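Inspection log for the structure reproduced underneath, given as structure tokens.
The values are calculated or read from the model by the stated rules, or taken from the named source; none is laboratory data. Just so it is clear, the structure is predicted and the values come from calculations on it, not from any experiment. Cβ placement follows ideal geometry from the backbone for every residue including glycine, while neighbour counts extend to all protein chains displayed.
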Amino acid sequence: MKLSNKITAAAVLVFISIFSLSTMFSIQNKSADERNSARLPRMSWSSLADGSYCSDLNEYTAENFSGQGSWIAAGALIKTEMCESVVNGVYISPERLLSAEISSQDSFEENAALINNFSEKYDGAVYVAAIPTSAGVYGDILPSYLQQVTEKQQIENFYEYLDADIRKIDAYSILKMLSDNYIYYRSDSKWTSYGAYCVYRTVIQKLGFLPVSYDKYTVHHITDDYKGDLYKRSQYMESNSDLLDVYEYSGGAEITGCTAYDNAGRGYEWELYDVEAAESEDKYRLYLGEKMPFVKITANVNNEKRLLVIGDDFAACFIPFLTQHYSEIVFVSPECMELRLKDHIDIRDYEQTLFLFGIDSLSSKIKDF
């Protein structure tokens, strides 16, 4: 064997060893949530036989290799310089980042059945608001091959699976009409607090109240350095940072209690706005803090009305607007639940229930509640 070949083999071996060790240490330095999602798959005879172990190991390595963000960022830069506009499933435009992934509608009927079953067992009124992502409202920016089915069509298709007595709220038309405003983040698929407020004005009227006018609020810019899920996927360094806002209504109802509950029923003192999260890597935790199965909010509203909200991340910055109208609101996050809803609360205690999900969440199977 030639000396040059030996040197090359040794160099490759050293590189692989250093890379593997740095990957292992980088996982140890991740947050608790990130470590939980970065567990090395277990090998078994069955997983080896059906090939799932190799597939899971490949996915684990791809998600956790050392310097992942830098590699993705370099790839994004190279692709954009070569006039390729889609990086890691994210479409890059001068105005904003948009998801370029075409959502499936396979889970619509199944998810609608969950809501229909809930409604059949529930004496109160049920409302559903399916919220478009930024790609749905700004879809005209996307190339035509990424617009096979618009999110407007997807929402309409989902609503067709819902029972007739369920109130469907058209959030898409509101947001599309106001698309020239700052209603969606430029680096995230979710709406801004102002986008949530615009839909709140319609939702709260459907629920039987008059909305609080915009001029009653004082808007606080908590951070101007938010980089959302689309940035994290693409690592496109030239994307614009976003504002995270808190809306304060000093003349309105005050929050008298906020408690989060885990799956064991243990309660924790909570905050409607976790301002300290603005200094963390997960800045969106500003809204309702770390994800929990249940969050109960009470306010000194002069009525005995209670509202149950079942939803996803879109609901997190929406709920604060509802606190001006209900003495109690319980927010349920199905993705965090281990047991069934009936094991924790009695739905008969709530006169109204609002389901508020992004259409991207409805495209995947929602955990049975």
Mind checking which residues of segment 124-151 are under 19 Å from residue 166 (Cβ atoms) and either over 18 Å from the mean Cα position of the chain (by Cα) or among the acidic types (Asp, Glu) (or both)? 124, 125, 126, 127
Consider only pairs whose beta carbons are under 6 Å apart and that are at least six residues apart or on different chains; among these, list those whose first residue lies in segment 91-115 and is under 17 Å from residue 358 (Cβ atoms) and whose second residue is surrounded by fewer than 20 Cβ atoms within 10 Å (Cβ to Cβ) and aromatic (Phe, Trp, Tyr). 108/161; 112/161
Which count do you get for residues in segment 172-209 that are free of Cβ contacts under 8 Å to residues at least 40 places away in the same chain and in contact with a Pro (Cβ under 6 Å, 6 or more places away or on another chain)? 1
Those residues that are more than 21 Å from residue 310 (Cβ to Cβ), surrounded by 17 or more Cβ atoms within 10 Å (Cβ to Cβ) and either among the polar types (S, T, N, Q) or at pLDDT 95 or above (or both), I need them from segment 137-173; list them, please. 137, 138, 152
Lone unmet requirement of (1) modelled with pLDDT under 95; (2) aliphatic (A, V, I, L, M); (3) more than 24 Å from the chain's Cα centre (by Cα) for residue 341: (3)
Kindly evaluate residue 299 against the criterion of being in the same structural domain as residue 226 (by TED's automatic domain parsing), surrounded by 13 or more Cβ atoms within 10 Å (Cβ to Cβ) and either free of Cβ contacts under 8 Å to residues at least 12 places away in the same chain or over 24 Å from the mean Cα position of the chain (by Cα) (or both). yes
Looking at the structure I just gave you, is residue 280 in contact (Cβ under 8 Å) with a residue 12 or more places away in the chain and among the small types (Gly, Ala, Ser)? no
Residues being buried (at least 18 other Cβ atoms within 10 Å of the Cβ) and either aromatic (Phe, Trp, Tyr) or over 30 Å from residue 340 (Cβ atoms) (or both): count how many of those fall in segment 254-277. 3
Every residue from segment 323-338 that is over 17 Å from the mean Cα position of the chain (by Cα), farther than 12 Å from residue 252 by Cβ and buried (at least 18 other Cβ atoms within 10 Å of the Cβ): 326, 327, 328, 329, 330
Given the condition over 24 Å from the mean Cα position of the chain (by Cα) and either at pLDDT below 95 or not in a helix (DSSP H, G or I) (or both), answer yes or no: does some residue in segment 83-101 qualify? yes
If I ask for residues that are modelled with pLDDT under 95, loosely packed, with under 15 Cβ neighbours inside 10 Å and either over 30 Å from residue 92 (Cβ atoms) or not assigned by TED's automatic domain parsing to the domain that holds residue 187 (or both), which ones from segment 208-253 would you list? 250, 251
Which ones in segment 128-171 are aromatic (Phe, Trp, Tyr) and in contact (Cβ under 8 Å) with a residue 60 or more places away in the chain? 158
Restricting segment 117-126 to residues that are touching a Phe, Trp or Tyr at 6+ places or on another chain (Cβ under 8 Å) and either under 17 Å from residue 366 (Cα atoms) or of a type in the set (A, V, I, L, M, F, W, C) (or both), the residue that is surrounded by the fewest Cβ atoms within 10 Å (Cβ to Cβ): 118
Take the residues in segment 205-249 that are at negative phi and among the small types (Gly, Ala, Ser); name whichever of them is farthest from the chain's Cα centre (by Cα). 213
Quick one: is residue 130 surrounded by fewer than 16 Cβ atoms within 10 Å (Cβ to Cβ), of a type outside the set (Val, Ile, Thr) and not in a loop (DSSP other than H, G, I, E, B)? no
Count of residues meeting criterion [of a type in the set (Ser, Thr, Tyr) and within 17 Å of residue 369 (Cβ to Cβ)] in segment 122-136: 2
